[in-house]
Amino acid sequence: MSVLRVEPVYSVSFHPNDNIVVSGGGDDKAYVWRSDTGEQLFKLESHSDSVAAVKFSTDGSLVATGGMDGKINVYHTSTGEKCASLDGPDEVIWIDWHPKGPALLAGANDGTLWMWK
C-alpha cells in the first residue's frame, strides 16, 4: 500500500481579474492553477525551502513567491517564466505589491521590511 504525502499550503492569492489562483507550501513549490476547473497551469520550483508567501501584482501580470530560504521570485503570470530573482531576508513571512506600480515589499521573520522596484 502506498502512502500519499501531502504538504501544507501556507499561502494563497487570487488573480485580480481572472479565475487563476497561486498557492505556495511546504513542498518548496508554488502552483498556478485555474479556480474554475482545477487545472494546473504552472509549477514554480525555484525555492529550496517552504514557500511561505505568494501574491499577484495589482494588475495580475506578475506573480511573486517568497520562501523561507530568503528568496523572492517573480514570474510572468501568462507564461510562468521567471523574470526576477531577489535575495532578501533570512526567511520571508509575507509579500505584497504596491497598488500603484511594480514595487514589491517583503516582511521577514527578523522584523525587517524589504522593498524592490
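The values are calculated or read from the model by the stated rules, or taken from the named source; none is laboratory data. These numbers come from a predicted model, not from an experiment. With ideal geometry, Cβ positions are generated from the backbone for all residues, glycine too; neighbour counts draw on all protein chains shown. SASA here: full protein model, heavy atoms, side chains in, ligands and nucleic acids out. Shrake-Rupley method; radii C 1.70, N 1.55, O 1.52, S 1.80 Å.
What are the residues in the range 29-54 that are in a loop (DSSP other than H, G, I, E, B), among the polar types (S, T, N, Q) and surrounded by fewer than 19 Cβ atoms within 10 Å (Cβ to Cβ), if any?
Of everything in the range 29-54, those that are in a loop (DSSP other than H, G, I, E, B), among the polar types (S, T, N, Q) and surrounded by fewer than 19 Cβ atoms within 10 Å (Cβ to Cβ) turn out to be Ser35, Thr37, Ser46, Ser48.
Of the residues that sit in the range 75-117 and are polar (S, T, N, Q) and farther than 20 Å from Phe42 by Cα, which one is least open to solvent (accessible area, probe 1.4 Å)?
Checking each candidate, the answer is Thr112.
For residues that are assigned to a strand (DSSP E or B) and either surrounded by fewer than 19 Cβ atoms within 10 Å (Cβ to Cβ) or in contact (Cβ under 8 Å) with a residue 24 or more places away in the chain (or both), tally how many sit in the range 11-23.
So the answer is 7.
Could you please let me know if Asp59 is farther than 21 Å from Pro8 by Cβ, of a type outside the set (Lys, Arg) and not in a strand (DSSP E or B)?
Against the criterion (farther than 21 Å from Pro8 by Cβ, of a type outside the set (Lys, Arg) and not in a strand (DSSP E or B)), Asp59 qualifies.
Given (1) part of a loop (DSSP other than H, G, I, E, B); (2) more than 14 Å from the chain's Cα centre (by Cα), where does Met115 come up short, assuming only one miss?
(1)
Quick test for you: out of Asp36, Asp49, pick the one residue that is touching a residue at least 12 places away in the same chain (Cβ under 8 Å) and more than 13 Å from the chain's Cα centre (by Cα).
Asp36
Give the residues of the range 68-109 that are of a type in the set (S, T, N, Q) and outside any loop (DSSP other than H, G, I, E, B), sorted by residue number.
Of everything in the range 68-109, those that are of a type in the set (S, T, N, Q) and outside any loop (DSSP other than H, G, I, E, B) turn out to be Asn73, Ser85.
Of the residues Gly67, Gly26, only one is in contact (Cβ under 8 Å) with a residue 12 or more places away in the chain, open to solvent by less than 10 Å² (accessible area, probe 1.4 Å) and under 24 Å from Glu7 (Cα atoms); which?
Gly67
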